[in-house]
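Report on the structure given below.
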């Protein structure tokens, strides 16, 4: 791809980040941050493995834990994974902080994406699930530079006058809203298919965009569906993935969405910046 930096800054090319960008990220105490479904399951379950049936995808494991210990337990455990340790933001976010893309999709649930824009005003959209009083599965905030705080705004106030950070799976700030268990994903995806997971402005703004997928595991059914809904109307894009061989489902998704595969690890790819 040519002129990647310029396309990111203009919004023509949209970075889409998955958990894989945490692959080489360790906390100050030496522990590894979750970077895939298996490591996320261990983190949610205090380092203990779960049965093969539950370990297929972390959302399934989280659903089992929620049924046994309650939804609040999963919310607090998800927050604990990131809030209980000090760590430098992954290299992908460091690079993006220098560029500050016009529009960034971050499916990770910590606040690294927020740090990309911590020195500029911006909008942040966080996903929510299983809420009462309407169909919308998002909350929109505007970052106030003077107070360093996010303040909730109405969906009609969103536009492209400022950078847009979209965190569809939620965030640990300003509120602990996470899409993490099967029930969360089913609810969010159901409303996404009905058009209620993205603000009206974003549904139009995202059309004919190109996407740069970094650290996204398309072998997982759930995240293929999430990516499909968020990028409906896309033009094309690039998937950076260094797996020696992709599954048939991954290959089908890439072909169906007019994506180019670059077989390289994320950090090596980003060193071009």
Which FRET efficiency, nearest 0.05, do residue 175 and residue 5 yield, Cβ-Cβ r, R0 30 Å? 0.35
Would you work out if region 37-83 is rounded, prolate or oblate? Take a ≥ b ≥ c from the square roots of the eigenvalues of the alpha-carbon gyration tensor; rounded if a/c is under 1.5, else prolate when a/b is larger than b/c, oblate otherwise. oblate
The simple spin-label model distance between residue 157 and residue 235, using points 7 Å out along Cα→Cβ, in nm, is 3.1 nm
Which length gain, in nm to one decimal place, applies between residue 76 and residue 256 when the Cα-Cα distance is subtracted from 0.36 nm times their residue separation? 61.0 nm
At R0 = 30 Å, how high is the FRET efficiency between residue 272 and residue 84 if r is their beta carbon distance? Nearest 0.05 is fine. 0.30
For the chain, built as a Gaussian network whose Cα springs stay under 10 Å, the top-fluctuating residue of 195, 30, 18: 30
Gyration tensor (alpha-carbon) shape descriptor, region 82-173, a/c threshold 1.5: oblate
Read-out volume of the Cα convex hull per residue in Å³, derived from the coordinates shown; its label in [x] 144; [y] 203; [z] 131: [z]
Test of understanding: in a Gaussian network model of the chain with alpha carbons linked when under 10 Å, which of 192, 183, 256 would top the mean-square fluctuation ranking? 256
Classify region 92-145 as rounded, prolate or oblate, taking a ≥ b ≥ c as the square roots of the eigenvalues of its Cα gyration tensor: rounded when a/c is under 1.5, otherwise prolate if a/b is larger than b/c and oblate if not. prolate
Difference of contour (0.36 nm per residue) and Cα-Cα distance, residue 69 to residue 248: 60.8 nm
Counting other C-beta atoms within 10 Å, which of 257, 80 has the fewest, and how do the rest follow? 80, 257
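We did not get these values from a lab; they are worked out from the coordinates using the rules stated. The structure presented is a predicted model; accordingly, all values stated were derived computationally and were not measured. With ideal geometry, Cβ positions are generated from the backbone for all residues, glycine too; neighbour counts draw on all protein chains shown.
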